[in-house]
Amino acid sequence: MVKWGWCLFILIVEILLSTSANDLYDAQTGLGFILLLGLAFSATGSFRNELETGAFELLLVTPLRERQIIFGRLRGLWQQFFPAIAISGAGSIYLASGWAASDTAQKAWLALAGTLSAFCVLPVVGLYFSALRLNFFVAWVLACFAGLEPALLATVLGIALPGVVIVQFLVGLTAGCLLEARLHNRESLAPSS
């Protein structure tokens, strides 16, 4: 239901803004950002219910390895948001291809690249903060900050996109390694304070 709700939201916004190309250009980055906030929200809440009910302990004693649990959850999050990201990305590609000689085309391509980079990294960061047993809102804000910080700094400091993507993937890799170690050591099963 959530998957198709996001798709409907993106389609409606894209259709409503399609009457003016300038509005649509301006909205592409915002749409990607809203989708990424929703992705971080889902990722941060991902392990929460299992941790509260004790079902996570059962999951960890199954013959699944920690990586399999993490990648299974990541695959589910990516599948949930992929259709909406694809629609938003198709809008960016359409806009970029129609104005190949202009500055706005470059903005559309950069917005798409930034969204795709964060789409790969943000769920890993969100899952890490989900396993920390923090207050949900605090965990969500921290996940958004950690996952989107490189893009925000690049905007403020004027750093080129390849540098941002590298830093973002390093943050995701670090979060993934810390999450795997946390699950392996069963640290996520400690009672919340």
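Nothing in this text is a laboratory measurement; each read-out follows from the coordinates by a stated rule. Keep in mind that what you see is a predicted model, and the values were worked out from it rather than measured. When we count neighbours, we look across all protein chains shown, and the Cβ atoms used for this are built from the backbone with ideal geometry, even at glycine.
Residue 182: net charge of surrounding residues, Cβ under 15 Å, Lys/Arg +1, Asp/Glu -1, itself excluded? Before the final figure, lay out the partial values.
Values: positive: 48, 65, 67, 73, 133, 186; negative: 50, 57, 66, 180, 187.
It works out to a net charge of +1.
Give, in nm to one decimal, the length gained when the segment between residue 79 and residue 149 is fully stretched (0.36 nm per residue of separation minus the Cα-Cα distance). Could you put the intermediate results ahead of the total?
Numbers: separation 70, 0.36 × 70 = 25.20 nm, distance 2.39 nm.
Computed gain between residue 79 and residue 149 is 22.8 nm.
Could you give the nm distance between label points at residue 15 and residue 57, where each point is 7 Å from its Cα heading toward the beta carbon?
Going from the residue 15 label point to the residue 57 one covers 5.0 nm.
Would you mind putting 136-144, 109-117 in packing order, based on average other-beta-carbon counts within 10 Å, highest first?
Numbers: 136-144: 18.0, 109-117: 19.9.
Top to bottom by mean Cβ count within 10 Å: 109-117, 136-144.
Please work out the Cα convex hull volume for the stretch 2-187 and give it in Å³ per residue.
On the way: hull volume 21.2 nm³, N = 186.
Taking the convex hull of the Cα positions in the stretch 2-187, it is 114 Å³ per residue.
Test of understanding: what is the full-extension gain from residue 177 to residue 116, defined as 0.36 nm times their sequence separation minus their Cα-Cα distance? Could you put the intermediate results ahead of the total?
Details: separation 61, 0.36 × 61 = 21.96 nm, distance 2.10 nm.
Difference between extended and current length: 19.9 nm.
At residue 97 and residue 141, where each label point lies 7 Å from the Cα along Cα→Cβ, what is the point-to-point distance in nanometres?
A separation of 4.2 nm, rounded to one decimal place.
Assuming 0.36 nm per residue, please report the length gained on full extension of the stretch residue 3 to residue 65 beyond their Cα-Cα distance. Intermediate values should be presented prior to the final figure.
Values: separation 62, 0.36 × 62 = 22.32 nm, distance 2.74 nm.
Length difference between fully extended and current span is 19.6 nm.
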